[in-house]
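The values are calculated or read from the model by the stated rules, or taken from the named source; none is laboratory data. The structure displayed is predicted, hence computed values, not measured ones. In this analysis, Cβ positions are derived from the backbone assuming ideal geometry, glycine residues included, and neighbour counts consider all displayed protein chains. The accessibility values were calculated without ligands, DNA or RNA, using every heavy atom of the protein model including side chains. Shrake-Rupley method; radii C 1.70, N 1.55, O 1.52, S 1.80 Å.
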Amino acid sequence: MPTITPTEWPFFEPRHRLFAKDFRSWVAAHLGHFESDEGGDGQAAREIFRLLAADGWLGPTVAPDPGGPDQRMDLRRVCLMREILAYSSAMADVAFSEPWLAALPIALYGSQEQKRKHIEPYSRAEFLPAFALSEPEAGSDAAAIAATATPSGAGFVLNGRKTWISNSGLADLYVVFVRLAGEEGAQGLSAFLVAGANSGVTLEKRLRVLPPHTLGTLRFDDCFVEATALLGRPVQGFEIAMRALELFRPTVGAACLGFARRAMDEALQRSCERTTFRKPIAQHQLIQEKLADMAVKTDAAALLVYRAAWAHDRGSPSIGREASIAKLYASEIAQEVVDQALQIFGGLGVVEGTTVERLYRHVRAFRIFDGTSEIQKLVIAKHLLKG
Ligand SMILES: Cc1cc2nc3c(=O)[nH]c(=O)nc-3n(C[C@H](O)[C@H](O)[C@H](O)COP(=O)(O)OP(=O)(O)OC[C@H]3O[C@@H](n4cnc5c(N)ncnc54)[C@H](O)[C@@H]3O)c2cc1C
């Protein structure tokens, strides 16, 4: 059974303990064979998504928590899910998390009709949603989005390109952030729900990347959507995107924790088994120093991740500062912990397909998406300077 963050910590409630126990057993029984990252065309990820839905794990991630304040979802539960999934398989984590990021804006800002039409089928994995914010010239600077929505008849016509979009070409629904014609800056953005089958949407290019993400660039050419496709108010798009990313950040940190804990466990086991100079390498002090550093950083990251999720769940109106601190620290230290684990494995660490080699490839992108480390630092400083 894998190690995860101890759910006896005060950030958790008894229901989280039960959930973590059940979900860990379920992952071990159902997802063990997805540990390798084969099937990067998205089919394996879709299968994992279906399995999660079939056993009821998706629904509670987009529903109000009966034990929480003001209709909020239980973010600690989602963090535990991602930590457990990432420990087991990066692909399983991606299969769950990317559609969840896309479902989040609908769960938070959708009308009753949009929720009925999209959230319930999402919970049953009847369709796959994708989050389409980034553009070739608008990554960190989302306010620079150039794709447009122009009012036309009973709806809007969308034009432009979106890139780095997870599940591009596979998704049944895109949550697309575009500029309302004539509007400028961050406050001029709108969010629309666009069917993948819409003839105005095409997959321009598939992007092959280090981690098991199915990424691509999408084109929107005179893509007509009904007025009912608008999510929230006409110029609420930036707020919607930023709120979804704010809630996503602690969960990204949680996935990084899963990678770090797996790397630690692999390194501990290897350092007890491998002998050099007539003793297990675990008995060399320089190896012990690495193990100690890894443990300190991993526990510190866990405290920051679950503090952010707990702050959300207890009703904080904004967790911007806590979420960025958690995402920044967890993604940075996960990279260091995985690197140290690989070092402990020596030459074996770089053999293709070994667990530490996979972790080394998988962890890197986490310092880039959902706001790069540099952007997280700017957000944290903005909160500090606000006072
Ligand atoms: C695996 C993966 C999956 C992704 N999935 C999605 C998805 O599903 N949907 C989606 O919309 N996007 C997705 N993205 C896109 C991701 O969010 C962007 O890559 C990210 O926001 C960075 O944008 P960029 O790549 O354009 O880099 P840029 O914005 O061009 O940044 C380049 C460098 O400059 C730095 N930089 C930029 N501005 C500043 C500043 N003001 N001060 C200091 N440094 C700065 C950045 O930190 C970075 O190091 C994904 C990306 C990856 C790698």
Original post:
For labels at ASP141 and ARG274 in the simple 7 Å Cα→Cβ model, what's the distance in nm?
Top reply: 4.5 nm
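Can you check what the net charge comes to around ILE165, using other residues whose Cβ is under 12 Å from the Cβ of ILE165 (Lys, Arg +1; Asp, Glu -1)? Don't jump to the answer; show the numbers that get you there.
Values: positive: ARG161, LYS162, LYS205, ARG206, ARG219; negative: GLU98, GLU135, GLU204.
Here the count lands on +2.
Whole number in Å², please: accessible area per residue of the chain, 1.4 Å probe, ligands, DNA and RNA not counted. Walk me through the numbers on the way to the answer.
Numbers: 16540 Å² over 387 residues.
Using a 1.4 Å probe on heavy atoms only, each residue of the chain averages 43 Å².
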Original post:
Within a Cβ distance under 15 Å of GLY188, other residues only, what is the Lys/Arg minus Asp/Glu net charge?
Top reply: -3
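First measure r as the distance between the Cβ atoms of LEU286 and ARG361, then evaluate 1/(1 + (r/R0)^6) with R0 = 22 Å and state the FRET efficiency to the nearest 0.05. Spell out each step's value before the answer.
Working: r = 26 Å, r/R0 = 1.17.
It comes out at approximately 0.30.
Using helices alone, I'd like the mean residue ellipticity at 222 nm for the chain: each DSSP H run of four-plus residues gives -39500 (n - 2.57), total over residue count, nearest 500. Before the final figure, lay out the partial values.
Working: 10 runs with 182 residues, N = 387.
Result for the chain, helices only: -16000 deg cm²/dmol.
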**OP:** Could you tell me which of the pairs LYS327/LYS382; LYS21/LYS117; LYS115/LYS327 are separated by over 22 angstrom between their Cα atoms in the structure shown?
**Re:** LYS21/LYS117; LYS115/LYS327
**OP:** For the stretch 235-387, give the percent of accessible area contributed by carbon and sulfur heavy atoms, probe 1.4 Å, rounded to a whole number.
**Re:** 56 percent
Original post:
R0 = 51 Å: FRET efficiency of SER316 with ALA28, Cβ-based, nearest 0.05?
Top reply: 0.90
Original post:
Given VAL338, ALA267, LEU257, which one lies farthest toward the positive end of the charge dipole of the chain, if we put +1 on the Cβ of every Lys and Arg and -1 on the Cβ of every Asp and Glu?
Top reply: ALA267
Original post:
For the stretch 225-302, which trypsin sites (Lys or Arg not before Pro) are both in a DSSP coil and crowded by at most 10 other Cβ atoms within 10 Å?
Top reply: ARG278
**OP:** Can you tell me how much longer the chain between SER373 and GLN71 gets when fully stretched, taken as 0.36 nm per residue apart minus their C-alpha distance, in nm with one decimal?
**Re:** 105.6 nm
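What FRET efficiency would be calculated for the residue pair ARG50, ALA181, taking the C-beta separation as r and a Förster radius of 35 Å, to the nearest 0.05?
Details: r = 39 Å, r/R0 = 1.11.
The formula returns an efficiency of 0.35 here.
Please state, to two decimals, what the Cα-based radius of gyration of the stretch 130-237 comes to when divided by 2.2 N^0.38 Å (N = residues). Present the calculation step by step, with values, prior to reporting the outcome.
Working: Rg = 13.0 Å, N = 108, 2.2 N^0.38 = 13.0 Å.
Compared with the compact-globule rule of thumb, the stretch 130-237 sits at 0.99.
So in the chain, what percent of DSSP beta bridges are antiparallel if you round to the nearest 5? Don't skip to the end; give the middle numbers.
Numbers: 32 of 38 bridges.
Once the DSSP bridges in the chain are tallied, antiparallel ones form about 85 percent.
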Original post:
Non-local amide H neighbours of ASP65 (under 5 Å, H modeled in plane, Pro and chain starts lacking H): which ones?
Top reply: ARG72, MET73, ASP74
Subject >> Separation of the THR228 and THR202 label points, Cα + 7 Å toward Cβ, nm >> reply: 2.9 nm
**OP:** Run the accessible area of the stretch 14-127 with a 1.4 Å probe and give the carbon-and-sulfur part as a rounded percent.
**Re:** 52 percent
**OP:** Using only Cα atoms, figure out Rg for the chain and give it as a multiple of 2.2 N^0.38 Å.
**Re:** 0.99
